[in-house]
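Asker: After the structure tokens below, expect a handful of questions from me.
The values are calculated or read from the model by the stated rules, or taken from the named source; none is laboratory data. Just so you know, these numbers come straight off a predicted model, no measurement behind them. Cβ coordinates were reconstructed from backbone atoms using ideal geometry, including for glycine residues, and neighbour counts include every protein chain displayed. These area figures cover heavy atoms from the full protein model, side chains too; ligands, DNA and RNA do not enter into them. Shrake-Rupley method; radii C 1.70, N 1.55, O 1.52, S 1.80 Å.
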Amino acid sequence: MEILLWDKENIERELIEEMLTNVGCEVTSVGDEQDCLSRLRNKQYDLVIFDQALPDLDARGFADELARINPLTPIAMMATLNIEFYEEKYGDSEIDFIITKPFDLAQLRNLVEEALVFRRKLKEAGPSSR
């Protein structure tokens with residue numbers, strides 16, 4: 001599974017990249033929004049993961065842009081508050097998964113497995129099904 005990871009914090013990005021590699025993923029990690037969007041335009045990924053706690057980030061707008069670029073790629077957001085807050089705020093957005101920090105290897109593995117199943121369903125249903 002190929003994952004595009006965006007987190008501005010180098011240490012966090014490296015740690016999450018290592019965790020994803022440990023569960024069998026190939027990871028492309030980036031430190032800024034434009035690089036993330038550019039990479040998604042130029043390559044197919046099985047999952048995009050981004051950190052919600054980025055200054056000046058419009059998470060909903062960013063997820064909308066990701067979905068426009070590739071509607072068949074699931075989107076996961078890393079969050080820091082209670083998950084119910086985000087589900088209420090982003091429940092009707094293009095964000096498919098929310099994983100709350102801190103998370104462990106098992107939770108990250110579950111996210112990857114769920115995203116894989118979801119991506120297959122999106123492919124079967126077609127891009128307009130999102």
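Asker: Report the full-extension gain for the segment ALA106 to ASN42: residue separation times 0.36 nm, less the Cα-Cα distance, to one decimal in nm. Don't skip to the answer; put the middle values down first.
Answerer: On the way: separation 64, 0.36 × 64 = 23.04 nm, distance 3.03 nm.
Full extension from ALA106 to ASN42 adds 20.0 nm.
Asker: Right, here's the next one. Given a 10 angstrom Cα cut-off, can you work out which residue in ALA79, ALA63, ALA106 is the most mobile in a GNM of the chain?
Answerer: Comparing ALA79, ALA63, ALA106 in the GNM, the peak value goes to ALA106.
Asker: Let me ask something else about it. Evaluate the distance, in nm, between pseudo-label points positioned 7 Å from the Cα of ILE69 and of LEU57 along their respective Cα→Cβ axes.
Answerer: 1.3
Asker: Right, next: Could you work out what % of the accessible surface of the stretch 2-123 is carbon and sulfur, using a 1.4 angstrom probe and leaving DNA, RNA and ligands out of the count? Could you put the intermediate results ahead of the total?
Answerer: Values: 2880 of 6380 Å².
Answer for the stretch 2-123: carbon and sulfur cover 45 percent of the accessible area.
Asker: I'd like to check one number: the per residue accessible area of the chain, probe 1.4 Å, reported in Å² as a whole number. It would help to have the intermediate numbers written out before the result.
Answerer: Working: 6980 Å² over 130 residues.
Spelled out: the 1.4 Å probe surface of the chain, per residue, equals 54 Å².
Asker: Shifting gears a bit: Students often check this: by mean Cβ neighbours within 10 Å, which of 112-120, 47-55 ranks highest, and how do the rest follow? Don't skip to the end; give the middle numbers.
Answerer: Numbers: 112-120: 15.7, 47-55: 20.2.
Descending mean neighbour count gives 47-55, 112-120.
Asker: Quote to one decimal, in nm, the extra length available between GLU124 and GLU12 on full extension: 0.36 nm per residue of separation minus the C-alpha distance between them. Numbers along the way, then the final one.
Answerer: Working: separation 112, 0.36 × 112 = 40.32 nm, distance 3.41 nm.
Length gained, GLU124 through GLU12: 36.9 nm.
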